[in-house]
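The values are calculated or read from the model by the stated rules, or taken from the named source; none is laboratory data. Nothing here was measured: the structure is a model prediction, and the numbers come from that model. Cβ: placed from backbone, ideal geometry, glycine included. Neighbour counts: every protein chain shown.
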């Protein structure tokens, strides 16, 4: 059985290693970064990190009303979803920054 695959270019392997190292750097850096989103005019805020983990939620005490629990839950969900969306966008932006300098196609 013959192998018809072309030989691997050594420059490609160096390039792949550089990309991997840069990606690891971006992952480490974005884990330390956070983004914050709010809902209800700022009465609920959610903060997420670059690992797409929710790291904090704050709720203004003035909006805690036992009669409006459903509204509060909606505000929390809106803030959390926006924070996670911002986190994903932040990571994608960081990846785009490094990939543009490496001549890679757009991945995200």
Answer with yes or no whether residue 103 is at pLDDT below 95 and on the phi > 0 side of the Ramachandran plot. yes
Given (1) exposed (fewer than 12 other Cβ atoms within 10 Å of the Cβ); (2) touching a residue at least 12 places away in the same chain (Cβ under 8 Å), index of the condition residue 80 fails: (1)
Show the residue pairs that are 6+ apart or on different chains and have beta-carbon atoms under 7 Å apart, the first residue being within region 1-26 and under 30 Å from residue 51 (Cβ atoms), the second being part of a helix (DSSP H, G or I) and modelled with pLDDT of 75 or more. 22/98; 26/94; 26/95; 26/98
I need the full set of residues from region 28-47 which are more than 7 Å from residue 79 (Cβ to Cβ) and more than 19 Å from the chain's Cα centre (by Cα), in order please. 40, 41, 42, 43
So which pairs qualify, if the first residue must be in region 45-73 and on the phi > 0 side of the Ramachandran plot and at pLDDT 95 or above, the second must be surrounded by 11 or more Cβ atoms within 10 Å (Cβ to Cβ) and in a loop (DSSP other than H, G, I, E, B), the Cβ gap must be under 7 Å, and the two must be at least 6 apart or on different chains? none
Considering every residue within region 30-52, establish whether at least one is loosely packed, with under 13 Cβ neighbours inside 10 Å and part of a helix (DSSP H, G or I). yes
